[in-house]
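S.K.: Sharing a structure with you now.
The values are calculated or read from the model by the stated rules, or taken from the named source; none is laboratory data. Keep in mind it's a predicted model, so treat the numbers as computed, not measured. Cβ sites come from the backbone with ideal geometry, for glycine too, and all protein chains shown count toward neighbours.
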Amino acid sequence: MKDYLLDPEAREFRATTREFLQRELAPRSDAIENRQDWAAVKAVVQALGKAHYLTLMFPDLYRGSLSTPGLVHAVILSEEAAAINYAFETTIATAISCAYPLHRYALPDIRAHYLDGIIGGSEIGAICVTEPNVGSDSAGMQTRITFDDTRNEWVINGFKRYISNASVADTYIVYGISNPAVTAQKGMSAVVVPKDTPGIRFPRNYTFMGRRGCIVGEVEFQDCRVPANHLLGRRDEGFRIMLGMFNFERIILGGSGLGQARAAFDIATTHAQRRNSFGQKLGCKQLIWDRVAEMSWRIDAAELLTYKAALLYDAGALSAKELMKPASMAKLVATETALFCADATVQILGGDGLTKEYGRAEQIYRDARALTIVGGTSEMVKYLIASTDMPSIKPNL
Ligand SMILES: Cc1cc2nc3c(=O)[nH]c(=O)nc-3n(C[C@H](O)[C@H](O)[C@H](O)COP(=O)(O)OP(=O)(O)OC[C@H]3O[C@@H](n4cnc5c(N)ncnc54)[C@H](O)[C@@H]3O)c2cc1C
């Protein structure tokens with residue numbers, strides 16, 4: 001890790017974060033992967049909260065030792081955590097993404113009530129966008145958020161699926177249509193729903209090929225009511241809030257991809273320098289060099305794009321619309337790099353790459369597969385990049 005773009009304080013932060021995670025996360029990683037031990041996940045989240053890691057991207061709330069905390073540091077945290085255990089990292093990345101709209105758009109008393117627990121590590125957050133009939137096409141969502149004037153409450157009806165931290169989260173940010181008479185861009189709202197609200201149900205959790213230990217499930221809302229002050233931002237402003245949240249989430253996902261790619265690369269290069277084949281080290285073979293070199297340049301490219309996007313975010317000079325392209329490029333390149341490196345590593349290890357007996361290559365291969373799907377698929381973020389480059393035409397979705 002060369003950290004080309006980072007200042008000495010951020011490099012020092014990486015070193016202390018790595019030590020912290022080696023102490024708190026690494027010893028619990030097997031329990032998370034093999035037993036899906038939620039208590040182990042929760043213990044590390046609490047430790048991170050106590051050590052001020054979950055306020056890194058909210059400088060006004062941060063009480064740690066960094067002089068200028070920001071998204072750059074949150075990405076370093078993501079990268080270092082994903083290198084050890086991606087399932088754990090998705091749990092905190094989701095909680096941080098839930099904290100983002102709360103911090104930015106909630107009324108002061110609501111913000112204090114729901115945000116403090118999440119950034120303190122005692123509570124967990126979740127984001128509810130995806131539905132059975134709507135994934136990439138989030139504007140087509142069917143969940144309804146209507147205002148009941150008689151009781152001064154928002155009423156939520158809908159069904160969300162593939163929700164990370166479903167049932168274990170304490171707080172849910174829910175997106176839904178508040179004005180069906182106009183487009184979703186103009187008629188979507190976002191509300192905060194606490195877990196104990198009557199009408200919220202968690203029908204089931206999914207079993208995925210990877211990310212074991214991160215709970216992902218369904219969330220159903222049946223006449224679920226929250227007070228008027230639980231609206232985020234203004235009425236019908238939800239789509240704009242969601243786009244800003246996706247920028248933030250996609251830059252964090254750049255860190256997730258980098259962490260997984262780097263973990264795979266370390267396994268592959270160690271193996272290629274140890275294993276003998278045809279009387280030489282495996283790494284002496286040109287076909288292996290070629291793979292190693294390609295992993296290496298892809299990781300560097302992903303690193304540059306991810307930290308460029310995080311630095312741009314922290315500089316605060318770009319609008320959410322302007323940030324969409326750098327955030328999308330970071331997510332695209334880092335997650336595709338993780339997939340490439342996970343696959344190449346299994347190939348370089350041969351049979352050893354397919355079994356749990358010789359290390360984590362097979363786990364990374366299963367875990368990394370989700371990266372190009374979650375938080376906007378590779379196809380969708382390519383659309384966002386190209387639509388910025390060709391503003392006069394609308395790509396045919
Ligand atoms: C492990 C996991 C965790 C998740 N966590 C959350 C969460 O916390 N909160 C949440 O709201 N959601 C979450 N999701 C949902 C995730 O964001 C969606 O899976 C993702 O947006 C894709 O939606 P979809 O699965 O419905 O696929 P679809 O939208 O049905 O797409 C299927 C395929 O078709 C492609 N495609 C679709 N439209 C086009 C087009 N016009 N042109 C070209 N290709 C196209 C897509 O790129 C994809 O490859 C999670 C998903 C997973 C797997």
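S.K.: Is there any pair linking a residue in region 226-242 that is closer than 21 Å to Gly199 by Cβ to one that is assigned to a helix (DSSP H, G or I), with Cβ under 6 Å and at least six apart or on different chains, and which?
M.R.: If the second residue must be assigned to a helix (DSSP H, G or I), the pairs left are Asn229/Ile110; Leu232/Pro101; Leu232/Tyr105; Leu232/Ile241.
S.K.: Return the total of residues in region 306-361 being among the acidic types (Asp, Glu), touching a helix residue (DSSP H, G or I) at 6+ places or on another chain (Cβ under 6 Å) and closer than 19 Å to Leu282 by Cβ.
M.R.: 1
S.K.: How many of the residues making up region 280-331 are surrounded by fewer than 23 Cβ atoms within 10 Å (Cβ to Cβ) and touching a Lys or Arg at 6+ places or on another chain (Cβ under 6 Å)?
M.R.: Summing the residues that are surrounded by fewer than 23 Cβ atoms within 10 Å (Cβ to Cβ) and touching a Lys or Arg at 6+ places or on another chain (Cβ under 6 Å) in region 280-331 gives 1.
S.K.: Given the structure, is Leu231 among the aliphatic types (A, V, I, L, M), buried (at least 17 other Cβ atoms within 10 Å of the Cβ), at pLDDT 95 or above and in contact with a Lys or Arg (Cβ under 6 Å, 6 or more places away or on another chain)?
M.R.: Against the criterion (among the aliphatic types (A, V, I, L, M), buried (at least 17 other Cβ atoms within 10 Å of the Cβ), at pLDDT 95 or above and in contact with a Lys or Arg (Cβ under 6 Å, 6 or more places away or on another chain)), Leu231 does not qualify.
S.K.: Could you grab me the full set of residues in region 88-135 that are in contact (Cβ under 8 Å) with a residue 60 or more places away in the chain and among the charged types (D, E, K, R)?
M.R.: Hits for region 88-135 are Glu89, Arg104, Asp109.
S.K.: Related question: Across region 174-212, what is the number of residues that are part of a strand (DSSP E or B) and within 16 Å of Trp154 (Cβ to Cβ)?
M.R.: 12
S.K.: Can you tell me which residue is farthest from the chain's Cα centre (by Cα) among those in region 126-145 that are buried (at least 19 other Cβ atoms within 10 Å of the Cβ) and more than 10 Å from the ligand (Cβ to nearest atom)?
M.R.: The selected residue is Ile145.
S.K.: Continuing with this model, one more query. Read through the list (1) part of a loop (DSSP other than H, G, I, E, B); (2) surrounded by fewer than 20 Cβ atoms within 10 Å (Cβ to Cβ), then give the number of the only condition that Pro69 fails.
M.R.: It fails just one condition, (2).
S.K.: Out of (1) surrounded by fewer than 16 Cβ atoms within 10 Å (Cβ to Cβ); (2) modelled with pLDDT of 95 or more; (3) of a type in the set (Ser, Thr, Tyr), the odd one out for Tyr86 is which?
M.R.: For Tyr86, the failing item is (1).
S.K.: Determine, yes or no, whether Ala166 is without any contact (Cβ under 8 Å) to a residue 60 or more places away in the chain, of a type outside the set (Val, Ile, Thr), farther than 17 Å from Arg250 by Cα and in a loop (DSSP other than H, G, I, E, B).
M.R.: Working: without any contact (Cβ under 8 Å) to a residue 60 or more places away in the chain: yes; of a type outside the set (Val, Ile, Thr): yes; farther than 17 Å from Arg250 by Cα: yes; in a loop (DSSP other than H, G, I, E, B): yes.
Against the criterion (without any contact (Cβ under 8 Å) to a residue 60 or more places away in the chain, of a type outside the set (Val, Ile, Thr), farther than 17 Å from Arg250 by Cα and in a loop (DSSP other than H, G, I, E, B)), Ala166 qualifies.
S.K.: Quick one: would you say Ser164 is within 12 Å of the ligand (Cβ to nearest atom) and polar (S, T, N, Q)?
M.R.: Here the answer is yes, as Ser164 does meet what is asked.
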